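Colleague: I'd like to ask some things about the structure below.
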């Protein structure tokens, strides 16, 4: 049971406030924001209480999505609902930001009104909701894939131009109804890989959490078939065949996915509703089919002038055709580090010392497979002792790998029925 | 965040709203209303525009209607009279051919929350229940709940309640679920909607039609159902099995909650259900939403309370992600501590070590505390890491390390050498009061082993004038006093200065009083002072027990799937609640420190409180023992090491002296005890005497010592299922100290205990060490058992009567008997007999309470 729902910007501006039960009056929003700002860290706990008011919140799109509730309600339900609500808002408004919420507040009130009545969740299915929602979304920057068609330089149809920016899917689902013709469907395979490598180069832990998401703008799509790799196997017990079998530990599907062809042909059948859905989630731990995409070779020493020298070599083990983007290495450095001088191997890279997080962040916008980059950092640390060297590391590395999955999972085909009129175009989207 | 010039905005908007040109242009009218709502949600008071907005309500534009309703529902309570005007429009809308308009009107009519309007609302609501469109029925059903809460005094018509019950069979699943919700609210005083067999089966059959929110609601309501037979129960459970492993965490959690409440009488089934949700819960731990990950983690902590080994193989899933928020990292560390075992300890400590230098000071502190907790079982490795961290010379790390060391030494005194060595020089980096207090405590208690202790204290004493923290001053007083006791020459002068300052100049009453107390105490003589100040150096109670004993599921089942587990600090941080030495110093355990002796008359009372089911033999013994008044005492305290040394030495000697068979048993027994932590596959479920074991030192004198060794069987089958806490409490009541346990339900089940006896007519007191052993149903154990009883006959110092008793107990008690092995030093048969009778009585009393 939910008493109130409100959305706050990270600066505490009230964006949306709805009281469903009129029981816990007063300034709940103010109380919540006071509690958030009273904390030192930037990560307030998920559940906070104040005089019988229980706040549960999630952070999505830089906003606080808060529900107040009773102590005995299910945290799983409320957090799932708040996440679902933010996903709905994203579907309807195109993207999730303070600006889009501000522009579409009437639509969000309408959504909330239909989704929750008297604190009880009624429905969050976009198929049901679309019959009730009347307000038009206001989109700040409409984008269509068709704008891309003439991107090619001098009319050359390059492979590059087939890559749509990630903003391609950030437009409201509702507008497709009026504008017509823009029947688009996005199928994303997203994998989050977390790997821990010991100082001796040993792989300590490797986890891949993947999902297949479908974002559908088709007004009337009766059935869709997604074909996965045929060698896709689940669980540890199955024997691996020759060749590039794709194996994951656990798989779960959205409830609307029909699996009658899954066992034989690895085909998912579903009738996507408008908006974004997580069709399939899977996990793989410990046993990666390929080597991790990066190797780091660090050397750390003290020079005669009492400075800390860090010489880092980073190698990208991807195939030469692919590349990692937005690579950022975070190197924790000793407390009290004053200044940083750097030698990087190319001008598009950058490095910065962030004193509040006590780390050097080394950014590489694009990193092609097979390349090796190196960097030399010299840190001025007053009172550097041998013990301070213990504070250096572990190095964290975050990156995006477009068009590549760690598990090797691929979408073989995507078939829609009824067959859409007109020529269809395929795009690959950069995350 | 009110706008500046909110008044101006209101005036301008009012002008626009009442402008006929705006009113005639639908788009402009709607945009003006939008501006009103926008200002409203930004916190500007728009109530002045109420009458203009009421007018705007009468329109054919649905979007505009919705916007106006948002406004009206927010401000209706401020303008009850004007709200009456809206009712007409709303009632008209309830007749609209469009079901969307009908449901909208009905919903907002009930959302106005005005008691004066109830009479106008009832009729459309009643009609709404029979509406053709499901969306109207959904709204109408909940409308009745709103109406009821608005006017709690007025009874809702019984006919309406009946109609709601019949709507449980509505074809629309949301209507059905809403009926449940409405009935729950309306019938709250009667305990909610009636959950009988037909309703339950109906709900279960339709569960699949509902969406996840509906399913959660139904599962929650069904928690009140009590199946009539076991067959029905298992039918329900198998029907719900698919939901238990649902990929949607809310459904999984709601189903598990239902399982736990249905199976409250069947612990085995509950445990099986917990095993089954392991997969889905772990998946939720890897969910994309970090709030969901956190929720799943908190609930995993609950599950671990009952099955400590549940996640053992998956410990890597709880390693912290690099960018995870601090609250997730701290929970993960709490889980990691629970999962530690021989195989993964190296890996785990390596990982935790990495977190100790985290940017977030709280995370670093949590990591250090976690290492300290693991140090109770793997002290050498952990101390090495902790000592290494001191080298960083960072104030928050040093402070956390010193506090952790203090807590560790309190439960594991054998670490004290390493700790004392590490303490040198860390006072320079310590900044916060908590850390300095910990350092002072350690210096006070182990002052004789830290060579620089007086100099460190002197620095503190010289700076006492500028000291702000009350706790540090008090701790400084105690530490200096303690150091004075063991190193008087070096400390006397500074103690004098400190006492002088505290008594003459200190303004805080607490500090001054404590200083005065110490001053007067010193007047009473050094022996008195020693008695008062040199208390325990370590926790005599559950210290040697590693990990937590498995709790029954019912302990936490109620808080599962509520906000409770997500609260900060809801999982008790044991290091604070149990180990903190100040806690025991300032607030001593009443039965441990204050009453060091207890007269036997209390035991009689205990006995008479229990029922008469004690066997006759024990009653006889009790009668005989009461004749010679016997009192037990815990003083002087015995450390686990001393206990172990005495016990093993005794066993060895006994083995040398005893016959072949006996020797076999005892050697067997000893080796079993040595390898305990390795011989059980599920680490975390069994007993671990955790200390690094020292081999029994065979003193030359030991052979000459006068001691007695006896074995006895007591029939009390339920004792091994007793919780360690209640056993310990009961034993402490009669001044028997329990030193180590296996968790309940494990086999073989053991308890080690000791006490001192003190007979009135005897010249000296004796020390009794004991072991309780319950081997369970295994046949070969039963043999050992019998053999041991025979051994009891052979052993010296056992009188015929007792031997016969032991035999009898073995004979009729069969495998249900608990074997008691006692060792007394020096020998005193009368006292031993008396002690045995007390012990038997306690066991019987506990046993009958359980039954």
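Read-outs throughout are calculated quantities, based only on the coordinates presented, and are distinct from any laboratory measurement. If you're wondering where the values come from, they're calculated on a predicted model, not measured in any experiment. Ideal geometry is used to build each Cβ from the backbone, glycine not excepted, and the neighbour counts take in all protein chains shown.
Colleague: Could you give the alpha-carbon Rg of the stretch B:447-543 over 2.2 N^0.38 Å, rounded to two decimals?
Modeller: Scaled against compact globular proteins, the figure is 1.08.
Colleague: Please work out how much length the chain gains when fully extended from residue B:61 to residue B:208, using 0.36 nm per residue of separation minus the C-alpha to C-alpha distance, in nm with one decimal.
Modeller: 49.2 nm
Colleague: Would you kindly state how much longer the chain becomes between residue B:158 and residue B:380 on full extension, computed as 0.36 nm times their sequence separation minus their alpha carbon distance, in nm to one decimal?
Modeller: The residue B:158-residue B:380 span can extend by a further 72.7 nm.
Colleague: May I ask you to derive the FRET efficiency for residue B:127 and residue B:226 from their Cβ-Cβ distance with R0 = 45 Å, giving the value to the nearest 0.05?
Modeller: Values: r = 38 Å, r/R0 = 0.84.
Result of the calculation: an efficiency of 0.75.
Colleague: Ratio of the stretch B:146-221's C-alpha Rg to 2.2 N^0.38 Å, to two decimals?
Modeller: With N residues counted in the stretch B:146-221, Rg over 2.2 N^0.38 Å equals 1.08.
Colleague: Between residue A:261 and residue B:532, what is the label-to-label distance in nm when each label sits 7 Å out along the Cα-to-Cβ direction?
Modeller: Reported label-point gap for residue A:261 and residue B:532 is 8.8 nm.
Colleague: How many nm separate the modelled label positions at residue A:190 and residue A:84, each set 7 Å beyond the Cα in the direction of the Cβ?
Modeller: That separation, rounded to one decimal, is 1.9 nm.
Colleague: Here's another thing I want to ask about it. In angstroms, what radius of gyration and Dmax does the stretch B:1-103 have, counting Cα atoms only?
Modeller: 13.6, 45
Colleague: Tell me, what is the FRET efficiency for residue B:268 and residue B:91 to the nearest 0.05, using R0 = 45 angstrom and their Cβ-Cβ distance as r?
Modeller: E between residue B:268 and residue B:91, to the nearest 0.05, is 0.15.
Colleague: Can you compute the FRET efficiency between residue B:523 and residue B:726 using 1/(1 + (r/R0)^6), with r the Cβ-Cβ distance and R0 = 45 Å? Round to the nearest 0.05.
Modeller: 0.55
Colleague: Can you tell me what the convex hull of the Cα atoms of the stretch A:296-399 projects to on average, as an area in nm²? Can you show the working numbers first?
Modeller: Numbers: hull surface 24.9 nm².
Average projection, Cα convex hull of the stretch A:296-399: 6.2 nm².
Colleague: Once the cut-off is 18 Å, how many percent of the Cα-Cα pairs in the stretch B:97-169 end up in the long-distance tail?
Modeller: 32
Colleague: In peptide B:347-360, what is the residue-averaged number of other protein chain Cβ atoms found within 10 Å of each Cβ?
Modeller: Neighbouring Cβ atoms belonging to other protein chains average 3 per residue here.
Colleague: Then there's this: Pop a pseudo-label 7 angstrom from the Cα along the beta-carbon direction at both residue B:165 and residue A:363 and give the gap in nm to one decimal.
Modeller: 6.7
Colleague: So, one more: Compute the length gained on full extension between residue B:134 and residue B:350: take 0.36 nm times their separation in residues and subtract their Cα-Cα distance, giving the result in nm to one decimal.
Modeller: Value of the extension gain: 71.8 nm.
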